[in-house]
1. For LYS120 and THR62, compute 0.36 nm times the residue count separating them, minus their Cα-Cα distance, and round to one decimal in nm.
2. Order 66-72, 131-137 from most to least packed using the mean count of other Cβ atoms within 10 Å.
3. Note the full-extension length gain between ASP216 and SER2 as 0.36 nm times their separation in residues minus their Cα-Cα distance, in nm to one decimal.
4. I need the P(r) histogram for the chain: all alpha carbon pairs, bin width 5 Å from 0 out to the longest distance, whole percents.
5. ASP96: accessible area at probe 1.4 Å, nearest 10 Å²?
6. Kyte-Doolittle mean at least -1.0 and Cα extent at least 15 Å along the axis: which DSSP H helices of the chain qualify?
7. Simple spin-label model, 7 Å along Cα-to-Cβ: ASN184 to ARG207 in nm?
8. Whole number in Å², please: accessible area per residue of the chain, 1.4 Å probe, ligands, DNA and RNA not counted.
Amino acid sequence: MSRVAVVTGSNKGIGLEIVRGLCKQFNGIVYLTARNEKLGQEAVQKLKSEGLNPSFHQLDITNEQSIQALKQHLQDKHGGLDVLVNNAGFAYKGADTTPFGIQAEDSVGINFFGTMAVSKALLPIIRPHGRVVNVSSQVSQMSMKKCSAEHQARFRDRSIKEEELVKLLNKFIETAKAGKHKENGFADSAYGMSKVGVTVLTFIQAREMEKDSREDILVNCLCPGWCKTDMAGAKAPRTAAEGADTAIFLALIKPKESQGQFFYNRKPIAF
């Protein structure tokens, strides 16, 4: 049975570079996924013109039917998967005038709840020696510093349960809609709070995998840095390929190399 890797949100930017890198370094089948089938297929053809051979599957991380269709395909065709890179994400531009409550709901909805939904579906079918890589951001650390001491303590508590994390992020959305998120101890960054969720979710998933009967499934997250992408803009100092490097590194790490860590430039950093 071939080994299988899936990269979410990978028709452009850092996701596309992760697929490109895995096609060169991962011994198995690499799935490029995208919400828009046309854009996804175009990205696959671009890589094929370079002599690489990714596969394609449609995936919208906010759509349960789409997630389940991918899961079913992976089970039916491959009997599971070996590497999951949760890269799909979204950010409002700094100058966007969309009300903050909507920005909070959309950002957390896609970046946190979408990532969690994909993970819930696909983690159960990851084979022993699998790798899970969640693309987070150091903006999560900046946002943590702006949260109340009480919230910081809860987010940093390595025994926090998924239900409590969900509750905290729903509270952030609810108070953001009422314009009271700051007085309720949350940071003033919708993207930052969504990535706090992704980082803490990584720690929870890693803890669960430590108890799992499947051997050597490692879960880590990373910050790719500020990269030139549609999301981050052209002023960013790093290329998308530089941003993808640590994700590829974590997708291929050796047994017991790292579990439940936050990485930047291939090195674990404090959260």
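The values are calculated or read from the model by the stated rules, or taken from the named source; none is laboratory data. Computed from a predicted model, the values in this text were never measured in an experiment. Backbone-built Cβ (ideal geometry, glycine too); neighbour counts: all protein chains shown. All accessible areas refer to the heavy atoms of the entire protein, side chains included, with ligands and DNA or RNA removed. Shrake-Rupley method; radii C 1.70, N 1.55, O 1.52, S 1.80 Å.
1. Taking LYS120 through THR62 to full extension adds about 19.6 nm, to one decimal.
2. With the highest mean Cβ count within 10 Å placed first, the list reads 131-137, 66-72.
3. Result for the pair: 75.2 nm of gain on full extension.
4. In order of increasing distance, the bins hold 1, 6, 13, 18, 20, 18, 13, 7, 3, 1, 0 percent.
5. Ignoring ligands and nucleic acids, ASP96 comes out at about 60 Å².
6. Helices meeting the span and hydropathy rule in the chain are 13-25, 162-177, 190-211, 240-251.
7. It works out to 2.3 nm between the two label points.
8. The answer is 46 Å² per residue.
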